[in-house]
Amino acid sequence: MSGRVYLVGAGPGDPGLLTARALELIATADVILYDRLIPSAALDGARADAELLFVGKEGGGESVPQEQTEALMLARAQAGQTVVRLKGGDPFVFGRGGEEALTLRAAGVPFEVVPGVTAGVAASAYAGIPVTHRGLASAVALVTGHAREDAVDAAGREEEGAIDWPALARFPGTLVLYMGVRQLPQITAALIVAGRPGSQPAAIVEAGTLPAQRTVTATLETIAAVAAEEGVRPPAITIVGPVASLAAELAWLPPRPLTGLSVAVTRARTQASGLARRLQELGASVIEAPVIRVEQLPGPALDPSPYDLICLASPNAVAGLFERLDDGIHPLGDARALARAKIAAIGPGTARALAERGVVADVVPERFVAESLVEALAELPVRHALVARAGEARDVLPDALRARGAEVDVLALYETVAEPLSPRALQALRAADYVTFTSSSTVRFFVQAAGGEPALAASTRIVSIGPITSETLREHGLEPDIEAATYDVEGMIAALLADAAARASNGR
């Protein structure tokens, strides 16, 4: 057996809080067993062929039994695979990481523990609450909001592992309670009965470090009622102690225009991170539901020297082209091999991908569709052109160049294939406030993933990147509510922001 398990903390939600070691292991794992509360972008760096298995738990909702999770972990490791057990926060802070480590040790499976940033510290900090502060609190206690189910014996006596409320009431510092939203009335009552002053400041931080984060403050005596009135839901932590009074003074997260809105991203996982990151920065809760996957097509080395024009249809085409470049003079993938040709790029994203490889595109049309590139090339003499693109694409550009008398070679460098969506992901997508479609292929494969029934919630707004995608949406019975004025990701975000602002001003 050569397999190994890594118990990895993914942090509290903000993907920027993932450790460098966590990112490294995610990128190399054969199998990733992930929890519900990991950052949505945490899996973006996983290998395309990695096995991604959801093993999360949710009170009153979808849950995978702990025994099943541990069985999967052991089976994959004993088959010789590298397994990342990806857990929200820190694996050894209320993450059952200790139990999983003991299971691995008993089975003789080697493992490594990778700590993560725990929510009790991070969510407090994002809410402007330092868990320790000179003159207010010199100690902090991290406490589970509920005892183990087996913490009371048959006679009703508390066993080891039950919460010692009198000891916590006497604790001379800050109390940070995890997983206690549903039991908050009982928790606060127990602390007060045990001697903790009901007038002590308290705060509850919902969705800490995530775009939907909000903070509710009150006193220990009133926090449960205020949280219920405000509709606070898990995940949340509760902070009890004088430091909670600093929340208003030290709050540092600015208001964000998409706070409280959920946005589904349907593009390929490897391409979704940029869009998801921008939406999260704007306050949206992002639902990553990739319905397509990009696969590079194999092929022989390419000598670009016969061409006086090379047209690239997308960043994927750029990546595929550079994997094949070989003019027999420069090393494989060397940008100097393109020196003899004019380079045309459809869209700024394609132009950026070229620039990252040291190539400045000669032609970038104002509108990011093939028709616009045809117009931009109207005055450029072309003898022999190469069009690098996806396996399935419209022939607008090749046909237009051939009509001008040019010899045109079309090189299919990649194809988009369906990425199955779990029922959980499909349900979340259908209920989102906004669903974004960045290409016709995302529309077609969404319909396929939905079993031919692409119905969305009545309140869901459909966002299209441009007219070609909008046309495909209509062909499948989906009317776009929003279409970008400039046909790229930034244009789509701008259109979404304008729509959200208009709806907010109309009270919707």
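The values are calculated or read from the model by the stated rules, or taken from the named source; none is laboratory data. Please read all numbers here as calculations on a predicted model, not as lab measurements. Counting neighbours? That spans all protein chains shown, and the Cβs are built from the backbone with ideal geometry, glycine included.
Data overview
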read-out	value
Which numbered condition V31 misses (of (1) under 20 Å from P234 (Cβ atoms); (2) buried (at least 17 other Cβ atoms within 10 Å of the Cβ))	(1)
Candidates V84, V121, V117 - the one that is in contact with a Phe, Trp or Tyr (Cβ under 6 Å, 6 or more places away or on another chain) and either of a type in the set (V, I, T) or modelled with pLDDT under 95 (or both)	V84
Single condition V140 does not satisfy, out of (1) in contact with a Gly (Cβ under 9 Å, 6 or more places away or on another chain); (2) surrounded by fewer than 15 Cβ atoms within 10 Å (Cβ to Cβ)	(2)
Search result, residues across the stretch 476-508 that are of a type in the set (G, A, S), in a loop (DSSP other than H, G, I, E, B) and surrounded by 17 or more Cβ atoms within 10 Å (Cβ to Cβ)	A484
Failed criterion for E356 (all others in (1) touching a strand residue (DSSP E or B) at 6+ places or on another chain (Cβ under 9 Å); (2) within 30 Å of F446 (Cβ to Cβ) hold)	(1)
Qualifying position, being within 24 Å of the chain's Cα centre (by Cα), at pLDDT 90 or above, more than 30 Å from D49 (Cα to Cα) and not assigned by TED's automatic domain parsing to the domain that holds L52, among D433, D409	D433
Scan of the stretch 452-475 for residues that are part of a loop (DSSP other than H, G, I, E, B) and surrounded by 15 or more Cβ atoms within 10 Å (Cβ to Cβ), ordered by number	P454, L456, T460, I465, G466
Sole exception among (1) within 25 Å of M492 (Cα to Cα); (2) modelled with pLDDT of 90 or more; (3) surrounded by fewer than 19 Cβ atoms within 10 Å (Cβ to Cβ) for E375, by number	(2)
Some residue of the stretch 40-53 being at pLDDT below 95, loosely packed, with under 14 Cβ neighbours inside 10 Å and over 17 Å from the mean Cα position of the chain (by Cα)	yes
Matching residues in the stretch 381-403 - criterion: being at pLDDT 90 or above and either outside the structural domain of S305 (by TED's automatic domain parsing) or outside any helix (DSSP H, G or I) (or both)	P381, V382, R383, H384, A385, L386, V387, A388, R389
Count - residues of the stretch 181-212 that are within 22 Å of K57 (Cβ to Cβ), surrounded by fewer than 21 Cβ atoms within 10 Å (Cβ to Cβ) and not hydrophobic (A, V, I, L, M, F, W, C)	3
Qualifying positions in the stretch 335-348 - surrounded by fewer than 19 Cβ atoms within 10 Å (Cβ to Cβ) and either out of contact with any Asp or Glu (no Cβ under 8 Å at 6 or more places or on another chain) or under 16 Å from T486 (Cα atoms) (or both)	A335, R336, A339, P348
Output for the stretch 235-276, where each listed residue is surrounded by 21 or more Cβ atoms within 10 Å (Cβ to Cβ) and of a type in the set (S, T, Y)	T238, T266
The stretch 324-335 residues that are in the same structural domain as P300 (by TED's automatic domain parsing), paired with ones that are surrounded by 14 or more Cβ atoms within 10 Å (Cβ to Cβ) and at pLDDT below 80 (beta carbon under 9 Å, 6 or more apart)	D334/D327
Test: residue in the stretch 197-214 that is part of a loop (DSSP other than H, G, I, E, B), aliphatic (A, V, I, L, M), at pLDDT 95 or above and touching a strand residue (DSSP E or B) at 6+ places or on another chain (Cβ under 8 Å)	no
